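What follows is one structure encoded as structure tokens, with my remarks underneath.
The values are calculated or read from the model by the stated rules, or taken from the named source; none is laboratory data. It should be emphasised that the depicted structure is a prediction, and the values quoted were computed from it without experimental measurement. Heads up, the Cβs are rebuilt from the backbone with ideal geometry, glycines too, and the neighbour counts pull from every protein chain shown.
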Amino acid sequence: MSSPAPTPFAASLDVPVHIAIIMDGNGRWASARGLPRREGHRRGVEALRRTVRAAREIGVKVLTIYSFSSENWSRPAKEISDLMGLLKLFIRKDLAELHSNGVRVRVIGERAGLDPEVLSLLKEAEELTKNNERTTLVVAFNYGGRQEITRAARKLAADAVAGIIDPAEIDMAAIQSRLDTADLPDPDLVIRTSGEQRISNFLLWQAAYAEFVFLPIYWPDFDQAALEEAINEYRRRERRFGGVTVRTAS
């Protein structure tokens with residue numbers, strides 16, 4: 001008996017406002033093909049280009065990508081150098097297109113100690129695109145969810161010592177307002193490629209009620225069809241937020 005045909009994708013249906021992606025599997029994609037890891041990362045950048053364009057066309061308002069985690073510094077120096085080089089190349093090559101297509105670039109994560117050239121490019125991308133409104137591309141760079149929450153706690157402690165806030169009045173809103181993503185909506189959908197099923201210190205606070213979709217493909221193979229597959233899976237979920245059912249599709 002043949003399997004039913006896949007449901008056609010309809011961008012007119014409910015689209016997640018904010019999609020976050022853990023782009024995993026570049027190295028394993030390359031290893032499976034007998035290629036150097038750098039080639040896997042290069043192909044991963046191509047997948048990122050496809051995904052940003054697809055998200056924009058589908059109508060996603062915020063796309064957050066986990067580009068480089070706080071833990072990635074433990075990788076071999078050569079691989080880190082390759083990753084930094086690809087990041088620089090992506091910004092230099094793609095920034096003009098992103099800007100012309102109304103994409104706003106935001107960067108979250110720890111900036112202290114970053115390479116001055118990388119820091120300058122990140123600031124340039126944010127400044128050039130700050131007034132764009134079609135889609136926001138959030139680049140989580142040198143980012144870790146625990147580290148982000150720690151920074152927010154440190155800010156709260158400093159404000160309490162300075163008398164700006166009464167410790168007794170600290171609530172979830174106070175913490176959220178001091179996160180890197182304070183002005184952004186929480187993600188509706190978190191996608192991870194490569195078949196791994198863990199969050200890896202990504203948006204720990206923000207993803208509390210997100211839907212998770214784990215895809216078996218490696219990131220370099222990710223494309224618009226894979227994005228649409230994940231969104232269709234999201235549409236089949238019932239979102240309850242700890243209470244009554246809220247269906248994702250109308």
Does segment 77-99 include one or more residues that are among the β-branched types (Val, Ile, Thr), at pLDDT 95 or above and crowded, with 17+ Cβ neighbours inside 10 Å? no
Mind counting the residues in segment 166-202 that are within 16 Å of Thr136 (Cα to Cα) and assigned to a loop (DSSP other than H, G, I, E, B)? 9
Read through the list (1) more than 22 Å from Gly85 (Cβ to Cβ); (2) modelled with pLDDT of 95 or more, then give the number of the only condition that Ala47 fails. (1)
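This table checks each residue for (1) over 23 Å from Leu203 (Cα atoms); (2) surrounded by 16 or more Cβ atoms within 10 Å (Cβ to Cβ); (3) under 19 Å from the mean Cα position of the chain (by Cα).
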position: Asn132; (1), (2), (3): yes, yes, yes
position: Tyr143; (1), (2), (3): no, yes, yes
position: Gln147; (1), (2), (3): no, yes, yes
position: Leu156; (1), (2), (3): no, yes, no
position: Ile165; (1), (2), (3): yes, yes, no
position: Glu169; (1), (2), (3): yes, no, no
Do any residues in segment 119-134 that are of a type in the set (Gly, Ala, Ser) have Cβ atoms under 6 Å from those of residues that are modelled with pLDDT under 95 and surrounded by 12 or more Cβ atoms within 10 Å (Cβ to Cβ), where the two are at least six apart or on different chains, and which pairs are they? Ala125/Ile91; Ala125/Leu95
Which condition breaks for Ser250 when tested against (1) of a type in the set (Ser, Thr, Tyr); (2) farther than 20 Å from Leu48 by Cβ; (3) modelled with pLDDT of 95 or more? (3)
Restricting attention to segment 177-195, which residues are in contact with a strand residue (DSSP E or B) (Cβ under 8 Å, 6 or more places away or on another chain) and surrounded by 14 or more Cβ atoms within 10 Å (Cβ to Cβ)? Asp180, Thr181, Leu184, Asp186, Pro187, Asp188, Leu189, Val190, Ile191, Arg192, Thr193
Residue in segment 12-23 that is modelled with the lowest pLDDT, counting only those that are among the β-branched types (Val, Ile, Thr) and crowded, with 19+ Cβ neighbours inside 10 Å: Val15
Number of positions in segment 24-41 that are under 16 Å from Gly195 (Cα atoms), under 22 Å from the mean Cα position of the chain (by Cα) and surrounded by fewer than 18 Cβ atoms within 10 Å (Cβ to Cβ): 1
